[in-house]
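What follows is a short report on a single structure.
The values are calculated or read from the model by the stated rules, or taken from the named source; none is laboratory data. As the structure is a prediction and not an experimental result, all values here were calculated from the model. All Cβ positions, glycine included, derive from the backbone under ideal geometry; neighbour counts span all protein chains shown. Protein only, heavy atoms only, side chains kept; ligands, DNA and RNA dropped before computing areas. Shrake-Rupley method; radii C 1.70, N 1.55, O 1.52, S 1.80 Å.
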Amino acid sequence: MAGGGGGGGGGVSPLGPAPPMWYHRDLSRAAAEELLARAGRDGSFLVRDSESVNGAYALCVLFQKHVHTYRILPDEEGFLAVQTSQGVQPKRFKTLPELVSLYLQPNQGLVTTLLYAVDREETAVTDDRDYSDGEDEKPPLPPRSASTSTPPGPETPTESTLAANGLSTISHEYLKGSYALDLEAVKQGASSLPHLNKTLVASCKRLNGEVDKVLSGLEILSKVFDQQSAFMVTKMIQQSVNQGGDQELENLVTKLAILRDLLSSIEKKALKALQDMSLSSPCSPPPFSMRHSKAIPVQAFEVKLDVYLAELTKIGKSQKYTLSVDVEGGRLVVMKKVKDNQEDWTTFTHDKIRQLIKSQRVQNKLGIVFEKEKDKSQRKDFIFASAKKREAFCQLLQLMKNKHSNQDEPDMISIFIGTWNMGSVPSPKSVASWVLCRGLGKTLDEMTVTIPHDLYVFGSQENSVCDREWVESLRAVLKEQTELDYKPIAVQTLWSIKLAVLVKPEHENRISHVGMSSVKTGIANTLGNKGAVGVSFMFNGTSFGFVNCHLTSGNEKIARRNQNYLDILRLLSLGDKQLSSFDISLRFTHLFWLGDLNYRLDMDIQEILNYINRKEFEPLLKVDQLNLEREKNKVFLRFAEEEISFPPTYRYERGSRDTYVWQKQKATGMRTNVPSWCDRILWKSYPETHIVCNSYGCTDDIVTSDHSPVFGTFEVGVTSQFVSKKGLPKSSEQAYIEFESIEAIVKTASRTKFFIEFYSTCLEEFKKSYENDSQSSDNVNFLRVGWSNKQLTTLKPLLSEIEYLQDQHLLLTVKSVDGYESYGECVLALKSMIGSTAQQFHTYLSHRGEETGNIRGSMRVRVPAERMGTRERLYEWISVDQDETSGPKGKSTMVSRVGHEYVKQSVVRKQLGELGKVNEEGEKNCKEENAARSKQDTPDGDSSIGKNSFNNPAYYILEGVPHPSAAELLSSPTSPTAPPVKAPPPSAGTRTKPPPAASGPAHSRRTVAGHPSRGVSEESSSEDDGGAALAGAQGGGIGGTVGSTLNRPPPDFPPPPLPKGALETAAEAQLSKPRSLYPDLAEVRIPPAGPAGPLVMGDGFRRGAAGALDDQSCSVLQMAKTLSESEFPGQPPRAPSAPPPVRVPTIGILDACRTFPPRNPIPESIAEDMPEEALWGSSSSSLSVGESSVGEWLQRLGLERYEPGLLHNGWDDLEFLSDITEEDLEEAGVLDPAHKQILLESLRQQQQQQQQQK
């Protein structure tokens, strides 16, 4: 049994004859705590598998609202014992039930007696069926051809396994009954076992047929090379026709022996025949691997010079230019036309082009900095015909730079990634459009489409072609298009799910540490018709991971797909074995996840088709199940996805791309498969690394399957295997990593002690801290732990050069002392931590795909002065100009990049030669800093300012408590028109796009029972590049208004500085508050004046807001009342029984009189289910008589997400709403029982108030 390891003594299972109900296999620590919290009674317990030791268990007990965990370890003899303190004799047991039965008795040394078992939830087998959406009712059989990469073994399914869906087999039937008959026959002196023989014949029946087919096929081949063997094969097949019983088994063994000899004979004779033929044949042409790729022709771009209006009168010349890029020759020719058709041109060699600066505001504008004489430079800005032409020009210049650089190893590579569900039919003869990224969506320019990529990664599902044939067909396509013989470095297969990775011949020796793995998620997690395959490797010093998956199908099986993802994340064995504490999303510098994810669209089929016909994809993306699940942080935490600008890739009519086939008659009735973006490519990269998605689309001419192939291309920064030019450092020259303090907030009900483990490729081995020396909690579900400098070890990297260290990352995992289990992991980039003074970091913790807390601290990476030399990387040569207030010509604005997937302090990074320092004078310089900050803030922001991803664990989701509106925290009767705060711009290579106004009727989404959601607008990580939802009043249901969110720092963390909009408001209110010593740990987002502001989204399409939720989640205000309070000197002590006030940063627009709980509580009947914003004050507890519209009423209740649905169904007048019923509310999209009760109770109170006035 997986995860339930430890075998008992004498062969006894540690779980006894049958697993007891209190044993939860593969249950995570966080899920166990949730189950116990639901139980709620002291003495509630369960047993789960240990996350830290294979074969061990964890006994979890609830006592006084805290979860206590005891490790149960097997010894050498297989006996089980609860881990005890040193010197205490453990009590040993053969099985878990025996162990638990002892601790059901009082006074056995646990914190409390085990009283109430928390049983696991048994799911019906019939609910777990996952049949394909294709043609068959049964799951497809695995391909007959053996995989070249998946080793044969227990994972290979047999027919008997398939025959009974993995639940019973022919062998089991024999052991359950027939063997007793054979035993009785033996006792009576029989020398044969007729029932066993019958079982073997039945088991080998399919094998017998398969052998006959193989022999028949080989018979034809034998006639060419070996006539004698061919005659033998024919004779054997004729003899086996009428044989059965004992003779049938003997005949099968004979045929297998002949088959072995036949294969060996054919190979030897065929080799001899071909050698004879080669002696008489002419010389063959040289292999393609010795040829060079196609020479890139000179490409010309028609552009216009961008100048100031004031300069137009001075120049008086034509502003049309032609830029000609000669990649092979390493030259750029700038030519402009003058009078009388004459041309004035200037040639710049590759080393004279200092920098390319992309305009962020004008997508087709590019600044080029040329080197002039005497170390002078000149900048010219050009306007290209389109943004795609600008990207093609930049790509060609990067290629030219790379081709003519003096570097032995590349700084950057290009990766093609493709995914295609082939529909169980062979591919067409040509898939050139797939590998050339031609089709729909974001495609490459024709000037660059034929430039070969360094890596090609092909993921396929329902691929019936054998591995060798598939790979050779891909190599042939690439050879035809690039004239290069790409080398396959890995091919991994699970049934019909395949992943093939091919690399340019010149990079073959740069690939190392190749790993492959697969995970089954089909029926009962035993069938491989669904699941994932993965490949990992190192490219020089950069680690890559690729996962190709095929998840559960069916419109309604969202939870099952989510679980598939989590199982793959946990069980796929890839990457460095030392990093087993981390899931695969943190093991690689770059992880790409592709495949048929099977998430569908939650919208009526006719409306979907209408939107597709109008090429309006934004409303569809808002109801895309994957986007919705990512918003709730249930899957693909902090992954990125390029903007989708192509139509849904499933389910097309085969042979055409003009028609979607969305209905299929099944035995169980008509099945509907709405058009959906099933096929996706996502990625996750370490912070402060370079990755840009240059294309993301699908083909429109490959029509053999009901899915269209999807492609994406990426520009990725890589590091070399660094070799120190100065040798090993002396002790005085040793770099070191030093922590001043670390503080973490962990989502747990446990109160154990913790330590931190540090992992990095720059460390010789992992290091551990001491136990935390501070610990506190004001909420049972969260724990704040801290480590001072004394508890944290100093880390010494292997090499001390800054050029090496700036590419390194540090992985941290927070582990418990009692069970050595991880409570959260994170990754930090060393690049921005280098300096003589401590730099601050702040990021989130995650475990098994779930966000489990956050962590912050201060650290420094000290590099000796003699090791400070560095160089510019190729990808740093192109920057993004975010300051559109253009300065004088000849001066370029150097803007550093912010890495993805990382939350760090907003210390503006300077060039490495001018190591940034943190101002430690704090309040002394707060006025100057605030003034400078106000001046530096531009409308578009600054991507060099780190943004906060996770600010307060109070926003974590617990079940059973309604989620309030955060907009109420920021709205005030005295300041109804707070200025909106513009979203920071995206960093280079990513996209943000405000969606159009919602059109068409709104669509509510159903809540998945037991799966709470959370808004994503708390998140504003650099990976998403301002992708958090910022604008709009609270709400944001599908097609509705968009919610805004208040992001807070962790408890007791000093308050953050205010964003620009808040600073302006504060200035108007004449407030002067000193700036915190911890800048930008969080940011306050001010809702705009309008009720429906624009939604800003990033790569991941993280739409919606904290308030735009339909399911049950944790009350933000209730948790924030203890977690968000900052304890400053002079704060009056509060009584233990008195609830603390909610403390939020004062920005001049908040009502200072609001407290929690409300002074005038609403009636007892609905107080428990009311959103917290409806509990504020006496005047806002229900619908106000003076309200004039349905929208105002819903906004006051914090439920304006339902406005579109109500209006669509005709409930547009407050007078008519008094007649509305629960059924009417459900039809309008109000599915949450608590929200229905809130609305009805509010209407009832309104009627009472109106009657009293009359």
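Structure notes:
- Modelled spin labels at ALA190 and THR659, positioned 7 Å past Cα toward Cβ, are 6.1 nm from each other.
- Using distinct alpha-carbon pairs, which all enter the 1/r mean, Kirkwood radius of the range 367-425 in Å: 15.3
- Accessible surface, per residue, of the range 446-537 when the full set of protein chains is kept, probe 1.4 Å, Å²: 30
- Cross-link table LYS768/LYS790; LYS65/LYS747; LYS304/LYS389, entries beyond 22 Å C-alpha to C-alpha: none
- Nearest-0.05 FRET efficiency for GLN1247 and GLU738, computed from C-beta distance (R0 51 Å): 0.15
- Percent of Cα-Cα distances greater than 16 Å, calculated over the range 444-504: 45
- Three principal axis lengths of the range 385-476 [C-alpha, angstrom, descending]: 45, 35, 18
- Cα-projected label distance for SER836 with GLU343, points at 7 Å along beta-carbon direction, nm: 5.5
- Fully extended contour minus Cα-Cα distance, from HIS513 to GLU302, at 0.36 nm per residue: 71.4 nm
- Cα-Cα separations in the range 431-578 greater than 28 Å, expressed as whole percent: 27
- The listed peptides 552-563, 691-702, ordered by packing as a protection proxy, come out as 691-702, 552-563 (highest mean of other Cβ atoms within 10 Å first).
- Protection proxy ranking for 655-664, 522-531, using the average of other Cβ atoms within 10 Å per residue and placing the highest first: 522-531, 655-664.
- Solvent exposure of the range 754-875 amounts to 31 Å² per residue of accessible area, where only protein heavy atoms count and the probe is 1.4 Å.
- The length gained by stretching the chain between VAL88 and ARG871 to full extension, at 0.36 nm per residue less their Cα-Cα distance, is 276.0 nm.
- Which listed pairs, of LYS352/LYS504; LYS520/LYS622; LYS577/LYS767, have C-alpha distances above 20 Å, in listed order: LYS352/LYS504; LYS520/LYS622
- Take every Cα pair under 8 Å whose residues are at least 6 apart in sequence, average their separation, divide by the length of the range 416-482, and the relative contact order is 51 percent.
- A protection proxy built from the mean count of other Cβ atoms within 10 Å ranks the segments 777-784, 111-118, 541-548, most packed first, as 541-548, 777-784, 111-118.
- For the range 320-366, accessible area per residue (1.4 Å probe, heavy atoms of protein chains only), Å²: 55
- For the range 507-653, the C-alpha radius of gyration sits at 1.18 times the compact-globule guess of 2.2 N^0.38 Å, with N the residue count.
- Nonpolar atom fraction for the range 457-592, defined as the carbon and sulfur part of the 1.4 Å probe accessible area, stands at 47 percent.
- For the range 324-373: relative contact order, % (alpha-carbon pairs under 8 angstrom, 6 or more apart): 25
- Where a label projected 7 Å from the Cα of VAL333 along Cα→Cβ would reach, residues of the range 380-407 with amide N under 17 Å: 397
- Segment ALA559..GLU76, full-extension length gain: 169.9 nm, with 0.36 nm per residue of separation and the alpha-carbon distance subtracted.
- Here the convex hull built on the C-alpha positions of the range 805-876 has a volume of 123 cubic angstrom per residue.
- Cα extents of the range 466-552 along the three principal axes, largest first (Å): 45, 31, 16
- Size descriptors for the range 638-705: radius of gyration and Dmax over Cα atoms are 16.4, 53 Å.
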